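K.L.:
Supplied in structure tokens, the structure appears directly below.
Read-outs: derived from the displayed coordinates by stated rules, not from any lab. Every value quoted in this text rests on a predicted model; they were computed, and no experiment measured them. We place every Cβ from the backbone using ideal geometry, glycine too, and count neighbours over all the protein chains shown.
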Amino acid sequence: MIRLEKRPQPSRAWTVATPLLAVALTMVAGGLMFALLGKDPVVAIRTIFWDPLFHEQFASYSRPQLLVKAGPLILIAIGLSLGFRAGIWNIGAEGQYIMGALAGAGVALALYPLDAWFLFPLMVVAGALGGWAWAMIPAILKTRFRTNEILVSLLLVYVAEQVLASMALGLMKNPEGGGFPGSRNLQHYPAAANTELIAGTGMHWGVAAAFIAVIAVYVLLTRHILGFQIRLAGQSPRAARFAGVNPNALVVICLGLSGALAGLAGLFEVAGPGGRINIGFNQGYGFTAIIVAFLGRLHPVGILLAGLLMALTYIGGELAQFMLGIPSAAIQAFQGMLLFFLLGVDVLSNYHIRLGRRRAA
Amino acid sequence: MDFGAINPTVLAASLMVASTPILLAAIGELVVEKSGVLNLGVEGMMITGAIVGFAIAVETGSPALGFLTAMAGGAALSLIFGVLTQVLMSNQVATGLALTLFGLGFSALIGQGYVGVKPPALAKPDLGLLADIPVLGRVLFSHDLIVYLSLALVVAVWAFLRFTRAGLILRAVGENHDAAHALGYKVVRIRLAAIAFGGACAGLGGAYLSLMRVPQWTEGMTAGAGWIALAIVVFASWRAGRVLLGAYLFGGVAVLQLNLQAAGVAVPVELLSASPYLVTIIVLVIISADRGRAALNAPASLGRVFHASS
Amino acid sequence: MNRRTLLASAAFALGLAGAAAAQDPVKVGFVYVGPIGDGGWTYEHDKGRLAVEAHFGDAVETVYQESVPEGADAERVMTQMALSGADLIFATSFGFMDPVINVAQKFPDVKFEHATGYKRADNVSTYSARFYEGRAVQGLIAGHMTESNIIGYIASYPIPEVVRGINSAFIHARQVNPDVQFKVIWAYTWFDPAKEADAATALIEQGADVILQHTDSTAPQAAAERAGNVYTFGQASDMIEYAPKPRISSIIDNWAPYYIERVQAVIDGTWESEDTWDGIAPGMVGIGEITDAVPAEVKAEAEALIAAMASGEYHPFTGPLNRQDGTPWLAEGEVADDGTLLGMNFYVEGLTGAVPQ
């Protein structure tokens, strides 16, 4: 008889070892899948996990791309983790990401071709405000009418997608684009472009913001009264109330912060790597970030690592697709497996596994 | 503009068909959430049901067998989630999202040979005279079996939760798993059963899309229906009757906006297109503004990890 | 290190050195916006890729990437393809335009082909299909076949390609049937088969007995089959499984001849940057079999129209044509220029409703 016994403290050794164990298990299970598809499993696994980092051909290009891909994931996930810790469920970061991008790009497109130093900072502010405002809708409905924030934030994603399509086809359409949908390319508008801070590193303002957010939230959670209140509200809402935590204020702060960070991620993407507002601009970062937040156990450093790991599987997955002809569906299933194992083996850091019968209590 | 072109009777009949996939998935998820488990993997289970049901129906020529296998497939996939969250006590939100990711990939993988194939049709029951009743006949008695099954399921789930001892136990597990455990109920087993039921319903809903409503297999064809089903459960504040209301409201607005477009109404298309989501939010705000009883209805243990410590 | 040695070392790292070094095949990359299993746009491009493989055998190696989002990811995917030694890359969606130009600047020796765009460079060609020629044929058949005089049209987004198709179909339906009306539903999605099914049902319930579609699923065919006496046309693929009724003909995207021609040009060293906009004549726009559900004289008329467009004798946008508000667009005998057609965002006279802006 196998049973689990809760550890008083999560095991430090297992906390480090479980992700490695999960990756190893995924390699076995995923390798089996690739073998069934008629691909060499060893080559496939190496292409996904090794080649983006160390392949002599690609690595110098892929390594910086890891940051480009992980940046928005980390930035959004950091914001979400605060609310998740407090039991406030923002499932709609995808919508806030879109609205941030629209607000930020809207400022640039409205002022085009103004060439001023303050344009980019203004866009950053607008991007954060756009995401914040979109998150305020579920926040206000929750505090005023007790409307469930899961539903409102989720459905507003679809509304945001319609706004995005409308903008790409109408108001923000490139007047010199021959009638095609999509805005001007902000990469070609130097005052508005979010370019690499150091050439060839992938490091743009969005990645910098993600790192700053990681540090800021770490400090907030460990040193600040608000961080304490957030943790308390999540662990025991009753205790939080006795401690004088205002639940409504917490809802507004957590949703607002996560919305603003998601909006920033959208703005940095549209002004940088993405370049333009178009119909399919959003690509699921807001949803993937939820996974990243939990994979990182809602801890800032964990989120940083989880974001980089997700980015690695995306980029490695791309390489595996076109170098080995593995269908994108198999890569998606592979990512799913990796997550299953990461989440499943986590049990080892929180519980002892005991063999034999339970002692009489 | 030509409002006369919109026939309310026909519209009512169409919205029932359009709402059935999300209704099926939502009623299953309701049972899962009532047991205290939040499974965000509905989309992944739906799409898996869609391809499994489609493939079996095509291979055997029997849509009925397809639907049954779709339920089995959805349930099997949901048990990955079940084992991870209940036995290995992983985080439910993240595991559910991972299930969606996995389901989308897995379904596309097995569906590679089924693109451009026409599935066999499920015969409609001939209700004879009943179907000829004006208005009611078209609305109530002109559908396929799955539509009736979905309605029967809503009633069955409602009665199960309200009147049966098993339903009471399920709710108790969802409200306070520690207390239920102390009373000697097998929390994990009950939840696994609920999760499998939810998976079967989602699988059936997915197969209804691929075998009846579209009918066709294409990758990612659920196109977010699973997410809507999740929203509908919240909308319904965890009550079976209101799941029906929510699903039909959403499906109804979705069908109505297409009809308004066809009739040439002068409202911006993007606004019409966003209307199902907006109307759902607005209606929920109106309902929940009423003293906020909705929040009290959420199962108290929803999404929390259960560990039998004693 | 030049690109050939790069290729060799990349292949070596993959453990494929033998195969690559012995033959040194031309490497052709395809970048798709959707999954191959979409059964429509991407599916047809991939059929083109498979035709290239079948035609050239070992002389060509193809690689592809599915479901590539338009934007930063597209740029990365194409860069990685170029780094891996691709000689020619087909980017098969409009939204890949800026990424193609960016990557092409970095890899002047790699040739790029961008579908449906308008930006070119020394190593970037563009290509597209005159699907509106196929729409003209559909309009003509639809105008004859409708008894209710209501034709339903399921559109995706209001982009020039779609607006052009609506106009072309409408002009030719009106030519044979002056009473015909179009009802247009904008799905506002590239891909949602269930929504397409609902849209088709809504149109049929409002009296449409012919459905045209600019969306790729067979949902409208199935809805028409259930309703009886409603006719449809295959889109992107032939959708022959719904023939002879409701599907009475189709527009087929056929990229294979073009892809084979361009790969051959790379092999021969004769590749040059070009702008190709082909129609029925070279077979880029295929018209699927017109079934027996269509009366013989209508079929003959449609075939005459196809022949006239193929020979260049007739252009679907030939004046006199007015814009929707009644202002003249093309004078008697005047033919629309490609620039106007490429950016078309207005309806022709007679269509009701407005193009969403």
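K.L.:
Whole number please: convex hull volume per residue of the Cα set in region B:1-99, in Å³?
P.N.:
In region B:1-99, the Cα convex hull volume per residue is 150 Å³.
K.L.:
Another question about this same structure. May I ask you to derive the FRET efficiency for B:SER62 and B:ASP126 from their Cβ-Cβ distance with R0 = 25 Å, giving the value to the nearest 0.05?
P.N.:
0.85
K.L.:
Also, I was wondering about something else. What are the residues whose amide H is under 5 Å from the amide H of C:THR62, where those residues sit 5 or more places off or on another chain and H is modelled from the backbone?
P.N.:
Residues meeting the criterion, in which the H sits 1.01 Å from N, are C:VAL28.
K.L.:
Also, quick follow-up: In nm, to one decimal, how far is the B:ALA289 label point from the C:ASP325 one, both placed 7 Å along Cα→Cβ?
P.N.:
Inter-label distance under the simple model: 4.1 nm.
K.L.:
Residue by residue through region B:231-239, which ³J(HN,Hα) values in whole Hz follow from phi under the Karplus form 6.51 cos²θ - 1.76 cosθ + 1.60 (θ = phi - 60°), with glycine and proline marked x?
P.N.:
Taking θ as phi minus 60°, the curve returns 5, 5, 4, 5, 3, 6, 6, 6, 10 Hz for region B:231-239.
K.L.:
What does the highest-first list of A:266-273, A:145-152 look like by mean Cβ count within 10 Å?
P.N.:
Details: A:266-273: 29.4, A:145-152: 23.2.
Highest-to-lowest ranking by the protection proxy: A:266-273, A:145-152.
K.L.:
Which distance in Å, rounded to a whole number, links the C-alpha centroids of region B:106-143 and region A:84-148?
P.N.:
43 Å
K.L.:
Highest mean first, how do B:33-45, C:319-331 rank when packing is the count of other Cβ atoms within 10 Å averaged over residues?
P.N.:
Ranking the peptides B:33-45, C:319-331 by packing returns B:33-45, C:319-331.
K.L.:
Rounded to the nearest 0.05, what FRET efficiency is calculated for B:ALA179 and C:ALA308 with R0 set to 51 Å and r the Cβ-Cβ distance?
P.N.:
E(calc), rounded to 0.05, equals 0.05.
K.L.:
If the elastic network links every pair of Cα atoms under 10 Å, which of C:GLU75, C:GLU205, C:GLU289 fluctuates the most in the Gaussian network model of chain C?
P.N.:
C:GLU205
K.L.:
Just checking the output field for C:61-71: average partner chain Cβ neighbours within 10 Å of each residue's Cβ?
P.N.:
6
K.L.:
Name all residues of region C:280-315 having a backbone nitrogen under 13 Å from the label point set 7 Å from the Cα of C:GLU261 along its Cα→Cβ direction, giving them as ranges.
P.N.:
The answer is C:280-285.
K.L.:
Is any residue of region A:309-346 close enough, with backbone N under 19 Å, to a label point placed 7 angstrom from the Cα of A:LEU21 along the Cα-Cβ axis, and if so, which?
P.N.:
Hits in region A:309-346 for A:LEU21 at 19 Å: A:337-346.
K.L.:
Now, a different point. Determine Rg/Rh for region C:226-295; Rg is computed over alpha-carbon atoms and Rh is the Kirkwood hydrodynamic estimate from the same atoms.
P.N.:
In region C:226-295, Rg relative to Rh is 1.19.
K.L.:
I'd like the per residue volume of the convex hull spanned by the Cα atoms of region A:299-361, given in cubic angstrom.
P.N.:
Hull volume over Cα atoms, normalised by residue count, gives 115 Å³.
K.L.:
Determine, at each q value in 0.14 (inverse angstroms), the log₁₀ of I(q)/I(0) that the Debye formula gives when each Cα of region B:3-296 is one equal point scatterer.
P.N.:
Once normalised to I(0) and log-transformed, intensities are -1.06.
K.L.:
Treating cross-link reach as a plain straight distance, find the aspartates and glutamates whose alpha-carbon is under 15 Å from the alpha-carbon of C:LYS106, omitting any fewer than eight places away in the same chain.
P.N.:
Straight-line reach from C:LYS106, under 15 Å: C:GLU75, C:ASP87, C:ASP98, C:ASP122.
K.L.:
Arranged by the count of other C-beta atoms within 10 angstrom, fewest first, what order do A:CYS254, B:CYS201 take? Intermediate results must be reported in sequence, preceding the final value.
P.N.:
Numbers: A:CYS254 28, B:CYS201 32.
If I rank by nearby Cβ atoms, fewest first, I get A:CYS254, B:CYS201.
K.L.:
Let me ask something else about it. How big is the dipole moment of the protein assembly as shown about its Cα centre under a simple scheme where the beta carbon of each Lys and Arg is +1, that of each Asp and Glu is -1, and everything else is neutral? Debye, nearest 20, please.
P.N.:
6380 debye
K.L.:
Using the basic label-point model (7 angstrom from Cα toward the beta carbon), what is the B:ASN297 to A:ARG223 distance in nanometres?
P.N.:
4.6 nm
K.L.:
Let me ask you something else. With springs connecting C-alpha atoms under 10 Å apart, model chain C as a Gaussian network and identify which of C:ILE89, C:ILE185, C:ILE211 has the largest mean-square fluctuation.
P.N.:
Checking each option, the largest mean-square fluctuation is seen for C:ILE185.
K.L.:
Could I ask something else about it? Given H placed on each backbone N at 1.01 Å, which residues far from C:THR276 in sequence or on other chains put an amide H within less than 5 Å of it?
P.N.:
The answer is C:THR126, C:TYR127, C:SER128.
K.L.:
Moving to a separate point now. Going Cα to Cα from A:LYS142, which lysines come in below 25 Å? Please leave out same-chain ones fewer than 8 positions away.
P.N.:
Within the straight-line cut-off, A:LYS142 pairs with B:LYS34.
K.L.:
Continuing with this model, one more query. Relative to the present Cα-Cα distance, how much length would full extension add between B:VAL265 and B:LEU136 at 0.36 nm per residue of separation?
P.N.:
So the extension gain works out to 43.7 nm.
K.L.:
Also, quick follow-up: Report, in debye and to the nearest 20, how large the dipole of region B:3-296 comes out about its Cα centre when Lys and Arg carry +1 and Asp and Glu carry -1 on their Cβ. Present the calculation step by step, with values, prior to reporting the outcome.
P.N.:
Numbers: 15 positive and 12 negative charges, 139 e Å.
Computed about the Cα centre, the dipole is about 660 debye.
K.L.:
Would you work out the relative contact order for region C:188-285, in percent, from Cα pairs under 8 angstrom that are 6 or more residues apart?
P.N.:
Here the relative contact order equals 19 percent.
K.L.:
Given all pairs of different Cα atoms, what value in angstroms does the Kirkwood hydrodynamic radius of the protein assembly as shown take?
P.N.:
Hydrodynamic radius (Kirkwood, Cα pairs) of the protein assembly as shown is 29.6 Å.
K.L.:
At a Förster radius of 60 Å, what calculated FRET efficiency corresponds to the Cβ-Cβ distance of B:TYR148 and A:PHE54, to the nearest 0.05? Provide the component values of the computation, followed by the final result.
P.N.:
Values: r = 59 Å, r/R0 = 0.99.
For R0 = 60 Å, the calculated efficiency reads 0.50.
K.L.:
Could you list, in their original order, any pairs among B:LYS124/C:LYS245; A:LYS6/B:LYS186; B:LYS118/C:LYS245 whose Cα atoms are separated by more than 22 Å?
P.N.:
The answer is none of them.
K.L.:
Shifting gears a bit: Return the Cα extents of region C:199-357 along principal axes one, two and three, sorted largest first, each rounded to a whole Å.
P.N.:
Per principal axis, max minus min of the Cα coordinates gives 55, 42, 36 Å.
K.L.:
Quantify how strongly other chains surround peptide C:29-35 by giving the mean number of their Cβ atoms within 10 Å of each of its Cβ atoms.
P.N.:
Averaged over the peptide's residues, the number is 3.
K.L.:
If you rank A:VAL301, A:VAL68 by fewest surrounding Cβ atoms within 10 Å, what's the result?
P.N.:
Going from sparsest to densest Cβ surroundings: A:VAL301, A:VAL68.
K.L.:
What is the magnitude of the charge dipole of chain A about its Cα centre, with +1 placed on the Cβ of each Lys and Arg, -1 on the Cβ of each Asp and Glu, and no other charges, expressed in debye to the nearest 20?
P.N.:
1860 debye
K.L.:
Could you line up A:LEU53, A:LEU73 from fewest to most neighbouring Cβ atoms inside 10 Å?
P.N.:
A:LEU53, A:LEU73
K.L.:
Let's test this: bin the Cα-Cα distances of chain C at 20 Å from zero up to the farthest pair and state each bin's percent.
P.N.:
Reading the bins upward from 0: 29, 53, 17, 1.
K.L.:
How many angstrom lie between the C-alpha centres of region C:321-339 and region A:261-320?
P.N.:
Centre-to-centre distance over Cα atoms comes out at 48 Å.
K.L.:
Let me ask something else. Within region A:338-356, which residues have the backbone N less than 20 Å from the label spot 7 Å out from A:GLN9 along Cα→beta-carbon, could you tell me?
P.N.:
A:346-353
K.L.:
If you don't mind, another one. Karplus couplings for region C:117-124 from phi (6.51 cos²θ - 1.76 cosθ + 1.60, θ = phi - 60°), rounded to Hz, Gly and Pro as x?
P.N.:
x, 9, 9, 10, 8, 4, 10, 10
K.L.:
Divide the volume of the convex hull of the Cα atoms of region A:5-162 by its number of residues and quote the answer in cubic angstrom per residue.
P.N.:
Expressed per residue, the convex hull around the Cα atoms of region A:5-162 is 245 Å³.
K.L.:
Which residue fluctuates most in the GNM of chain C (Cα springs below 10 Å): C:ILE166, C:ILE101, C:ILE141?
P.N.:
Comparing C:ILE166, C:ILE101, C:ILE141 in the GNM, the peak value goes to C:ILE101.
K.L.:
In chain B, with Lys and Arg counted as +1 and Asp and Glu as -1 at Cβ, which of these residues, B:ILE110, B:VAL37, B:LEU230, has the Cα nearest the positive end of the dipole, that is, farthest along it?
P.N.:
The residue sitting most towards the positive pole is B:VAL37.
K.L.:
So what's the gap between the Cα centers of region C:217-242 and region B:146-220, to the nearest angstrom?
P.N.:
About 35 Å separates the Cα centre of region C:217-242 from the one of region B:146-220.
K.L.:
Follow-up question, since we're still on this one. So what are the ³J(HN,Hα) numbers for region A:164-171, from phi and the Karplus equation (6.51, -1.76, 1.60; θ = phi - 60°), rounded to whole Hz, Gly and Pro as x?
P.N.:
With the stated coefficients, region A:164-171 comes to 4, 4, 4, 5, 5, 8, x, 3 Hz.
K.L.:
Here's a follow-up. List every residue whose amide H lies under 5 Å from the amide H of C:ILE287, counting only residues 5 or more places away in sequence or on a different chain, with H placed 1.01 Å from N in the peptide plane.
P.N.:
The list, which skips near neighbours in sequence, is C:ILE252.
K.L.:
Something else now. State, in angstrom, two size descriptors of chain A derived from its alpha carbons: Rg to one decimal place and Dmax to the nearest whole number.
P.N.:
Expressed in Å, the Cα Rg and Dmax of chain A come to 22.0, 79.
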